[in-house]
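Undergrad: Below are the structure tokens for one structure; questions will follow.
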Amino acid sequence: MNIKEPNSRLTRWRLKLSEFDFSVVYKQGKCNTNADALSRIEIHNEEVSSIIANPSEKSPSLIANSNTDTVHTDSENPILEVPITDFPLNKYHKQIVLTLVDDIKSRPSVSKPFESHIRTHIQISKNNIEEDVINAIKEYVNPKVKTGILINPPLAIVTDPYSLLRERS
């Protein structure tokens, strides 16, 4: 599509939009967090061909240029937590309800609150919260499917998991 010679559709859109008072605002998209072939730093071939590698000595020019290496963001920003949202549980097609109890009395049960939703009710022991939650997630959560998890009663949110270790010491 050439802007200097617009087709009829572009002309109709331009005429329709000229009726409104608007301003174009740029909204930045999601940042690329995975280093791949498209996001790597460009290597200049003339510089590479002029360098003679000698593994026995370290050249100061090679050390100075070492900051141009590709940095993989998954080692910089690892995702270690489950995102917390204010969305209702019914937004998710796959739902897990974890209920804290003193001792587990029933097995996990599956219900269908709506036609396309699956809700799994699981009891977890207050004495063994961490292990029970990890086992429930390993068994019932598919990483390829968004799953809503609700814990009754709500637990405290720990933003720094290492703070608990420092308090106990």
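Undergrad: For the pair Q28 and E130, what calculated FRET efficiency results from E = 1/(1 + (r/R0)^6), where r is the Cβ-Cβ distance and R0 = 35 Å, to the nearest 0.05?
TA: 0.40
Undergrad: Let me check I've understood the local charge: for S8, count other residues with C-beta under 13 angstrom from its C-beta, Lys and Arg +1, Asp and Glu -1. What total comes out? Don't jump to the answer; show the numbers that get you there.
TA: Details: positive: R9, R12, R14, K16; negative: E5.
For residues surrounding S8, the net value is +3.
Undergrad: Extension gain T85-K16, at 0.36 nm per residue separation less the Cα-Cα distance, in nm? Spell out each step's value before the answer.
TA: Values: separation 69, 0.36 × 69 = 24.84 nm, distance 3.88 nm.
Using 0.36 nm per residue and subtracting the Cα-Cα distance, I get 21.0 nm.
Undergrad: Let me ask something else. Would you mind counting up the charge near H93? Only other residues with Cβ under 11 Å from its Cβ, with Lys and Arg at +1 and Asp and Glu at -1.
TA: It works out to a net charge of +4.
We did not get these values from a lab; they are worked out from the coordinates using the rules stated. Keep in mind that what you see is a predicted model, and the values were worked out from it rather than measured. Please note: Cβ atoms are built from the backbone with ideal geometry, for glycine as well, and neighbour counts cover all protein chains shown.
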